[in-house]
Amino acid sequence: MPLHTADALVLRTYKLAEADRIVVFLTRDRGKKRGVAPAARRPRSRFSGALEPLTEVRVAYFEKEQRELVSLNYAEPVRSPLGTPNPEALAYSAYFAELIDAVAADADADERLYRLGTATLEAITEGGPVLPLARYFECWLLRLQGVYPPDVTCAECGAALAAGEGAFLAMDGHGFVCRRCHGAQGTDDRYLSARALAFVREARRVGPQDAAGLGASDDVLRELEVAHRALLGVHLDRPLKSTRVVQALGRPSR
Ligand SMILES: [Zn+2]
């Protein structure tokens with residue numbers, strides 16, 4: 001039974017039997033795995049402090065052929081969202097981990113998705129504002145899945161979306177459309193202003209720790225939240241559990 005060691009991100013855990021936990025984790029080199037962490041729910045477990053969602057860990061696990069569940073030998077935290085000075089960020093780290101879990105393929109390494117997770121965790125522990133980071137993370141997650149709509153031309157008429165103008169997210173999420181094509185029939189709740197589109201474009205060029213530096217206002221972040229929620233609804237199989245928590249937190253305080 002071969003022992004593997006790996007860098008990994010904890011995505012979620014659930015209870016198993018008397019005192020164990022199942023841990024879903026994304027390894028850098030071999031994709032998503034599910035493993036048993038024996039006695040993880042006992043006090044002074046060797047896994048304590050290592051299984052919070054989005055914790056970056058060094059793991060060792062045994063894997064048997066034809067067995068879906070691996071057996072975790074140890075998990076040592078390298079960086080933990082518990083280290084954040086911002087209490088709201090903990091709810092978001094669960095949200096980010098759940099999104100990664102929703103898109104990550106089993107046993108299929110995805111270095112870019114892994115790096116998005118670790119870089120986002122790093123930004124969380126640095127303690128910057130979490131709302132721009134959340135919108136940034138969604139941009140990248142959707143982009144890495146190849147489903148973030150192109151923001152250069154209108155998906156209906158093909159006209160260039162001018163830099164100073166906003167656009168509307170099409171109902172099926174396949175593209176952004178210009179005001180003319182959007183016409184009178186649609187609602188305005190999927191409107192991304194020129195500033196929101198600028199955030200989407202700029203997010204490509206910077207790391208997550210610079211998301212707050214893109215200078216998005218509360219209104220812009222709200223527009224992005226609505227559009228991203230719609231896109232995630234189109235592209236994910238099931239609704240996310242953590243969405244309700246972060247939505248409640250996401251109301252900008254005025
Ligand atoms: Zn158009």
Can you tell which of A17, A37 is aliphatic (A, V, I, L, M) and under 17 Å from F62 (Cα atoms)? A37
Would you mind telling me which numbered condition in (1) more than 18 Å from the chain's Cα centre (by Cα); (2) crowded, with 17+ Cβ neighbours inside 10 Å; (3) away from the ligand (no atom under 14 Å from the Cβ) A211 fails? (1)
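Quick grid of which residues meet (1) modelled with pLDDT of 95 or more; (2) touching a Leu at 6+ places or on another chain (Cβ under 7 Å); (3) closer than 20 Å to E98 by Cα; (4) buried (at least 16 other Cβ atoms within 10 Å of the Cβ):
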site: V10; (1), (2), (3), (4): yes, yes, yes, yes
site: A17; (1), (2), (3), (4): no, no, no, no
site: L26; (1), (2), (3), (4): yes, yes, yes, yes
site: P38; (1), (2), (3), (4): no, no, no, yes
site: R44; (1), (2), (3), (4): no, no, no, no
site: G49; (1), (2), (3), (4): no, no, yes, no
site: P53; (1), (2), (3), (4): yes, yes, yes, yes
Six or more apart or on different chains, Cβ under 8 Å: which pairs go from a residue in region 138-157 that's in the same structural domain as T243 (by TED's automatic domain parsing) and among the β-branched types (V, I, T) to one that's at pLDDT 90 or above and away from the ligand (no atom under 13 Å from the Cβ)? Could you list them? V147/L231
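The values are calculated or read from the model by the stated rules, or taken from the named source; none is laboratory data. Since the structure is predicted, the reported quantities are computational estimates derived from the model, not experimental observations. Quick reminder, even Gly has a Cβ in these numbers, built from the backbone with ideal geometry, and neighbours come from all protein chains shown.
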